[in-house]
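The values are calculated or read from the model by the stated rules, or taken from the named source; none is laboratory data. All of these numbers come straight from a predicted model, not from anything done at the bench. Every residue, glycine among them, receives a Cβ derived from its backbone with ideal geometry; neighbour counts consider all protein chains shown.
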Amino acid sequence: MSTVTHSTFVGTARKPKSGLIPSMFLFTALALILTELAGVISTIIDGMITSRHLGEDAYSAISLLGPFVSILLLIAGFISTGSQIVCSRFLGKGEKQEADAVFSVSLIITILASAVLVILCIFAPRFLISVSGVSMNSKPELLPLMAHYLHGYLFGIPALMLIQLLSPVVVMDGSGKLLPISSIVLCAVNVTGDLISVLVIKAGIFGIALSTSIALYA
């Protein structure tokens, strides 16, 4: 986190300015709301393209993996929230090095957690499918589709988890405008990739997932 963040944070703590906190809250809230909205719109368009070009089974397979994606966001959100609280306390005391150390540890934990989840996607997709609440006996025709989607989606897991960790830090660093801009880029790349996948490459549900992964990095 930059020196600008540190000086701004400490300076604010020493010399409160009228209206500063409400304006910071509104700016942060708006940036995060736009980020979430772009993600929701991207998911909706993803579903529309999938159901129209790949059929209802493909759309059902993606929808049934929703709990797994929620678990990813929950893990990343847990790490991110803890990191924000501790970093804010250190920055409020003017202890920048300690805040940097906490953020570095959070970054390492997030990367390790994403690595474990990627390995599970490769070697234990059925376990993740069962974690999502899908019975192996009901709708067996959907299991291969769900496995193919996981194999494309696994590339984007590190990016997805890092986005959750870095977004609040970007706002704290005074660069909150990047969030809605990057969300629009995510949406555009995802939709473009989906259309190329189903209309040009014919990569099926794996291509849909891979498009999402690429969009997350973009």
Residues in the stretch 97-111: is at least one of a type in the set (A, V, I, L, M), assigned to a helix (DSSP H, G or I), closer than 29 Å to residue 194 by Cα and at pLDDT 90 or above? yes
Odd one out for residue 135, checked against (1) loosely packed, with under 13 Cβ neighbours inside 10 Å; (2) assigned to a helix (DSSP H, G or I): (2)
Tally of residues being among the basic types (Lys, Arg) and farther than 26 Å from residue 121 by Cβ across the stretch 167-218: 1
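Please return the ranges of helices (runs of 4 or more DSSP H) entirely within the stretch 139-208 where 2 or more residues are in contact (Cβ under 8 Å) with a residue 12 or more places away in the chain, small (Gly, Ala, Ser) and in contact with a Leu (Cβ under 7 Å, 6 or more places away or on another chain).
By residue number, 157-172.
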Quick check, is residue 138 in contact with a helix residue (DSSP H, G or I) (Cβ under 6 Å, 6 or more places away or on another chain), modelled with pLDDT under 90, within 16 Å of residue 63 (Cα to Cα) and not hydrophobic (A, V, I, L, M, F, W, C)? no
Counting just the residues of the stretch 32-53 that are modelled with pLDDT of 70 or more and among the small types (Gly, Ala, Ser), which one comes out surrounded by the most Cβ atoms within 10 Å (Cβ to Cβ)? 42
Single match in 178, 143 (criterion: modelled with pLDDT under 80 and not basic (Lys, Arg)): 178
The stretch 78-96, residues that are part of a helix (DSSP H, G or I) and charged (D, E, K, R): 89, 96
Unmet requirement for residue 189, which otherwise passes all of (1) surrounded by 18 or more Cβ atoms within 10 Å (Cβ to Cβ); (2) within 21 Å of residue 77 (Cα to Cα); (3) aliphatic (A, V, I, L, M): (2)
